[in-house]
Amino acid sequence: MARTQKDRMLAGELYIAEGPELAADDQRNSEWLDRYNATQTRTRAEAHVLLRENLGSVGDGAYIRPPFHCDYGYNVHLGDGVFLNFNCVILDVVKVTIGDGTQIGPGVQILAADHPRDPAQRREGLEFGRPIVIGRNVWIGGGALIMPGVTIGDDVIIGAGSVVTRDIPDGATAVGNPARARNPAPTPER
């Protein structure tokens, strides 16, 4: 049996973003985004119910301030107490995992979608995804870009406007374009 474009997408293989399955998923997600982004007056509890309706998994107390945008939703996994501020974008053609207690500033883009470096493959409309993992208790400043395939460790700070192109180890602070990791200064004893 031939594998569908959706099967290929979910496996992180080259695929073309078309076909009946992906079109139906896109339509379903677009309708959900219209409902989710329609009002800012709903309670966090009401928003949480809507998030659980569309996202892959949503931990207790997780919240996303609208407007929010994602490709499909079902590849987004939020831990307990995750917070995304206004205007966040998640291109979730493959799994995107955000750990417990992580706080994400406004305008952050988490981009698991990628494109071939070979121009002939791009002309064919091929693309692929690389999973993103963001650890626990991470703080990502406004306007940061998290690029495909990146893993960000626990207790990390990503500076506002930074472009994260490589893995960031636990406890580091990363800033710049491209973001460079440095260990945080030791906390003085009192």
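Among the residues of segment 79-114, those that are among the aliphatic types (A, V, I, L, M) and open to solvent by 10 Å² or more (accessible area, probe 1.4 Å) comprise V89, L91, L111, A113.
Residue pairs whose Cβ atoms lie under 8 Å apart, separated by 6 or more positions or on different chains, with the first residue in segment 152-168 and among the hydroxyl-bearing types (S, T, Y) and the second in a strand (DSSP E or B) and open to solvent by 10 Å² or more (accessible area, probe 1.4 Å), are S162/L145; S162/V175; S162/G176. Taken over segment 160-190, the criterion of being at pLDDT below 95, in a strand (DSSP E or B) and open to solvent by less than 50 Å² (accessible area, probe 1.4 Å) is satisfied by G176, A179.
With the requirement that a residue be part of a loop (DSSP other than H, G, I, E, B), open to solvent by less than 30 Å² (accessible area, probe 1.4 Å) and in contact (Cβ under 8 Å) with a residue 24 or more places away in the chain, what does segment 62-78 give you? Can you show your working first?
As a first pass, look at segment 62-78 and keep what is part of a loop (DSSP other than H, G, I, E, B): 62, 65-67, 71-75.
Applying the additional criterion that residues be open to solvent by less than 30 Å² (accessible area, probe 1.4 Å) yields 62, 66, 72-73, 75.
P66, Y72, G73, N75 - these are the residues of segment 62-78 that are part of a loop (DSSP other than H, G, I, E, B), open to solvent by less than 30 Å² (accessible area, probe 1.4 Å) and in contact (Cβ under 8 Å) with a residue 24 or more places away in the chain.
Just to be sure, is V93 touching a strand residue (DSSP E or B) at 6+ places or on another chain (Cβ under 6 Å) and assigned to a loop (DSSP other than H, G, I, E, B)?
Values: touching a strand residue (DSSP E or B) at 6+ places or on another chain (Cβ under 6 Å): yes; assigned to a loop (DSSP other than H, G, I, E, B): yes.
So V93 fits the description; yes.
Please tell me if D25 is more than 18 Å from Q121 (Cα to Cα), at pLDDT 95 or above and surrounded by 13 or more Cβ atoms within 10 Å (Cβ to Cβ).
On the way: more than 18 Å from Q121 (Cα to Cα): yes; at pLDDT 95 or above: yes; surrounded by 13 or more Cβ atoms within 10 Å (Cβ to Cβ): yes.
Yes, satisfied.
Would you point out the residue of segment 46-61, among those that are assigned to a helix (DSSP H, G or I) and open to solvent by 70 Å² or more (accessible area, probe 1.4 Å), that is farthest from F128 (Cα to Cα)?
Within segment 46-61, the subset assigned to a helix (DSSP H, G or I) is 46-54.
Imposing the further condition that a residue be open to solvent by 70 Å² or more (accessible area, probe 1.4 Å) reduces the set to 46, 49, 52-53.
Details: E46: 34, V49: 30, R52: 26, E53: 26 Å.
Selected residue: E46.
Residue check: A120 meets all listed conditions (1) under 30 Å from L14 (Cα atoms); (2) among the small types (G, A, S); (3) in a loop (DSSP other than H, G, I, E, B) but one, namely (3). Could you list, in sequence order, all residues of segment 5-22 that are open to solvent by 50 Å² or more (accessible area, probe 1.4 Å) and in a loop (DSSP other than H, G, I, E, B)? Those that are open to solvent by 50 Å² or more (accessible area, probe 1.4 Å) and in a loop (DSSP other than H, G, I, E, B): A11, E13, L14, A17, E18.
The values are calculated or read from the model by the stated rules, or taken from the named source; none is laboratory data. Please read these numbers as outputs of a predicted model, since none were measured by experiment. Because the Cβ atoms are built from the backbone with ideal geometry, glycine has one as well, and the counts that use them run over all protein chains shown. Keep in mind that these areas ignore ligands, DNA and RNA; they rest on the heavy atoms of the full protein, side chains included. Shrake-Rupley method; radii C 1.70, N 1.55, O 1.52, S 1.80 Å.
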